[in-house]
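Please read the structure below before turning to the comments.
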Amino acid sequence: MYASREDIGYDFGDDSKAGSKTIKPNPNIDGGWAWMIVLSSFLVHILIMGSQMALGILNMEWLEEFNRSRGLTAWVSSLSMGITLIVGPFIGLFISMCGCRKTAIIGGILNALGWILSAYASNVHYLFLTFGVTAGIGSGMVYLPAVVMVGQYFQKRRALAQGLSTTGTGFGAFLMTALLKYLCTEFGWRNAMFIQGAISLNLCVCGALMRPLFHVVSEKHVVRSNSEDNQAKALSHSAETVRSNGVLSEEPEKREEATNEEVLDSVQHIETGGKSRSGRSMYGLRILKTVSQLTVTVRKGFAMWYSSYFGAASLFTNRVFVAFIIWALFAYSSFVIPFIHLPEIVKQYNLSSQNNIFPLTSIIAIVHIFGKVILGIISDLPCISTWNVFLMANFTLVTCILTLPLMQTYVTLAVVCALIGFSSGYFSLMPVVTEDLVGTRHLANAYGIIICANGISALLGPPFAGWIYDMTHKYDFSFYISGLLYMVGIIFLLIQPCIQKKQPREKSTEEAQI
C-alpha cells in the first residue's frame, strides 16, 4: 500500500553521482546534534503554533477594545494562522537561497516585530497588517525550516523525531494560554503583546541551532554542506528544465554564470595586486565582490526552486504528490470544525456541568499530544509502513467526524473526542510521508506546498462551517459535508498509488509484445 519514490517511478536524480565519491555516514544522523534539532523544532512549535492556539485570549481583548463585529475581529487570528501556512512555497525559495538557519533567524525577527508593532494598534485593520501579515510571514519563515531540518537529520527515527517536535503545539497551547491570560490580567493586552514579542525573539536562538548538515567525502577529505551540493546539482539540472519550457536557454545561463565567476576572479586579482590604491576604491571592490557572490547564490537558489515547481522534474509530475495536495485541502478544516461546534453540542444536550469539569476540547488536545508520539513510534517499526499508519489514522478521524453528531451523552462524546485527538496525531507523519514521496532535497519545496494547502483549508474551513450553520440552523451538516469532502481526499490517496504501480507493469507487457 505504501508508495515510495521507487514504487512510483519518480526520481529527481539525487544519486546521479553516487558512484564517483565515497561519503562517510555523518555521526549526527539519528543522534548527536540531531536531538538539538528536535529541541529547536519543539520550541518553535511552542512559540508559534502554541501562541496561535492561544489567540482566543487576545481576541476577547480586541473585541472589548475596538468594539467591532466578532467576524471582523476573528479575521486577525485567522490571517495569522492562514498566512503562516500559505507562504510555505515562497519560504521554500528562501531556504533554497539562504538555507534553513538564516531563514529561521530572519523569520524570528519578523515575528517579534509583528507582535511588538501590534501593541500600538489603533484599530482592527492595523492588526491585519502588523499581526496577521507581518507576524504571520515571520512565523512561516521559522516553522517550515523547523520541520525540514528534522527531516534532514533523521533517517531511521524520522517519524518519532517529528512526533516529539510537533508535540510542542499541544504543550504550547497550554503554556501560552496561561501566559497570555496572566499577562493580559496584570499588564493589559498591549503590554502583553510587547512582552510576547520579546519572548518571540527566542525564535532566533532556535534558528541558530539549525546547523547545516555536513558530510565527509573520503576521496579528497573535503567537508561540504549538503545544501551546497544540492544547489549545484539543481543548477545544472534546472538549465535543461528552463530551456525545455521555452523561457530561457542553457547557453545564456552558462554565459551569465561564467561572467559572474570572471567578476569574482578579477576582483580577487585586483584585491591582491592593488594594495597601493585608495581605501575607497578597495571598499567599492569588496562591495562588488559581495554583490557578485550574492547574485550567484540567488540564481542558484531560484533555479532549484523553479525546477521543483515548473521544470521537467516538477513536483506536480508526481501524481501521488498531487493527490496528497488535494487531500491536504480538505483535511485541516475537518479537524478544526469539532472545536467550532462542540460548545453548541454540549449546550444542546445540557452537558455544560460535566463539560466544565473536563472540557471536551481539552480531551482532544491532551490525547493529540500522545497520538503524535505513539503514531511516530509505530511508524518507525521495521515491519510497519508509514503510509499505512497514515491512512489508518485518516480513516479513523473521518469516521469520528461523521459519527460525532450522533453522540448524545458526555461519555460517548468524550470517547469520540479522544479518538479524534489520537488519530489527528498523523499530522506528525505528514513531513515523513512527503519526504518519502519526493526525497530530502525537495522536502522544503514539497512540504511548503502541503502546508499552503492546509493554510487555505484553515482560512476557508471555519467560515464555510459557519455559513452551513446559518443556512440550515443545524451543526450536523457541517460535520457531514466536511467529512464527505475529507473522504474524497482519502480516496485520492488510495487510487493514485494503485495507478502508479500499474503503469510499469503495462509498459513491460508492451515491450514484451514488441
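The values are calculated or read from the model by the stated rules, or taken from the named source; none is laboratory data. In this text, all values refer to a predicted model and were calculated from it rather than measured experimentally. No Cβ is skipped: glycine too gets one built from the backbone with ideal geometry, and neighbour counts run over all protein chains shown. Side chains are part of the model used for accessible areas, which takes the heavy atoms of the whole protein and leaves out ligands, DNA and RNA. Shrake-Rupley method; radii C 1.70, N 1.55, O 1.52, S 1.80 Å.
For segment 376-390, give me the residue count where each residue is open to solvent by 10 Å² or more (accessible area, probe 1.4 Å) and either aliphatic (A, V, I, L, M) or touching a residue at least 60 places away in the same chain (Cβ under 8 Å) (or both).
The initial filter retains those residues of segment 376-390 that are open to solvent by 10 Å² or more (accessible area, probe 1.4 Å), namely 377-378, 380-386, 388-389.
Now drop any that are not either aliphatic (A, V, I, L, M) or touching a residue at least 60 places away in the same chain (Cβ under 8 Å) (or both), which leaves 377-378, 380-381, 384-386, 388-389.
Summing the residues that are open to solvent by 10 Å² or more (accessible area, probe 1.4 Å) and either aliphatic (A, V, I, L, M) or touching a residue at least 60 places away in the same chain (Cβ under 8 Å) (or both) in segment 376-390 gives 9.
On the stretch given as segment 121-131, residues that are in a helix (DSSP H, G or I) and either surrounded by fewer than 24 Cβ atoms within 10 Å (Cβ to Cβ) or not assigned by the TED database to the domain that holds I86 (or both) total 6. Would you pick out the residues in segment 145-204 that are hydroxyl-bearing (S, T, Y), closer than 18 Å to M53 by Cα and in a helix (DSSP H, G or I)? Correct list: S165, T166, T169, T177, Y182, S200.
Only a single item in (1) crowded, with 24+ Cβ neighbours inside 10 Å; (2) at pLDDT 90 or above is not met by A161, and it is number (2).
Scanning segment 93-111 for residues that are surrounded by fewer than 24 Cβ atoms within 10 Å (Cβ to Cβ) and either closer than 20 Å to R70 by Cβ or more than 14 Å from the chain's Cα centre (by Cα) (or both) yields M97, C98, G99, R101, K102, I105, I106, I109, L110. The residues on offer are L419, L429, and the sole one that is open to solvent by 30 Å² or more (accessible area, probe 1.4 Å) and either assigned by the TED database to the domain that holds V142 or touching a residue at least 12 places away in the same chain (Cβ under 8 Å) (or both) is L419. The set of residues from segment 173-195 being surrounded by 18 or more Cβ atoms within 10 Å (Cβ to Cβ) and over 28 Å from the mean Cα position of the chain (by Cα) comprises L183, C184, W189.
Only residues that are surrounded by 18 or more Cβ atoms within 10 Å (Cβ to Cβ) and farther than 16 Å from C98 by Cβ: list them for segment 196-205, please. Across segment 196-205, the qualifying residues are Q196, G197, S200.
Within segment 345-364, the set of residues being open to solvent by 20 Å² or more (accessible area, probe 1.4 Å) and farther than 26 Å from F171 by Cβ comprises K347, Q348, Y349, N350, S352, S353.
Remark: I378 matches the filter, which requires a residue to be assigned by the TED database to the domain that holds P431, of a type in the set (A, V, I, L, M) and closer than 30 Å to R157 by Cβ.
Can you pull out the residues in segment 464-486 that are within 23 Å of the chain's Cα centre (by Cα) and surrounded by fewer than 20 Cβ atoms within 10 Å (Cβ to Cβ)? Selection gives L485 alone. Condition check for S424 on (1) open to solvent by 20 Å² or more (accessible area, probe 1.4 Å); (2) within 19 Å of the chain's Cα centre (by Cα); (3) of a type in the set (G, A, S): one failure, at (1).
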